[in-house]
Structures are given as C-alpha cells and as structure tokens.
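Some notes on the structure that comes next.
The values are calculated or read from the model by the stated rules, or taken from the named source; none is laboratory data. All values derive from a computational prediction rather than experimental measurement. We place every Cβ from the backbone using ideal geometry, glycine too, and count neighbours over all the protein chains shown.
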Amino acid sequence: MALAAFINPSPVVIIIAVFNWMEIARIVEAEVKSLREREFISAGRMLGFSNMHIMFRQLLPKPIGPIIVAQL
C-alpha cells in the first residue's frame, strides 16, 4: 500500500494508506501485550538486559509476521 502511494500517488490510495494504520496498530499492540508475559522476556530481565535491549531485540521483531499477514 505504501509502495503504491509513492509510485502512483492517487488520492484514493493515499486515503486508504492513512486510515489503514489503525488496524495494524491494534494488531501490534495485542501481539506486544501478549509477548510481554512470555518467559523469554522474564529471562532477559533476569539476565540483566536493559529495557531498550528487550524492546528492540526481543519484542519488536516478533509482530512482523502478523503485520505482513494483515497487509495482504
């Protein structure tokens, strides 16, 4: 959707892209809330990883699959 908006920026494509982010945000929020309670997050905290490390290395890469599926 974003690629189509850059290649051929018609008003319809731009409007759909602007309003489609809310669905993706809900999916990511639900996935991250679910992942926060998993054992690997607790293990990372016990090992002394910083919150930024846990967020960028363990939490953020995981919702990529549901985001890709939602875009199709």
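I want to confirm something. Restricting to segment 50-72 and keeping residues that are outside any helix (DSSP H, G or I) and out of contact with any Asp or Glu (no Cβ under 7 Å at 6 or more places or on another chain), which single residue is surrounded by the most Cβ atoms within 10 Å (Cβ to Cβ)?
Once the filter is applied, the top-ranked residue is LEU60.
Taking first residues from segment 37-62 that are closer than 20 Å to ILE27 by Cβ and modelled with pLDDT under 90 and partners that are of a type in the set (A, V, I, L, M, F, W, C) and surrounded by 13 or more Cβ atoms within 10 Å (Cβ to Cβ), the Cβ contacts under 7 Å between residues at least 6 apart in sequence or on separate chains come to GLN58/ILE41; LEU59/VAL32; LEU59/LEU35; LYS62/LEU35.
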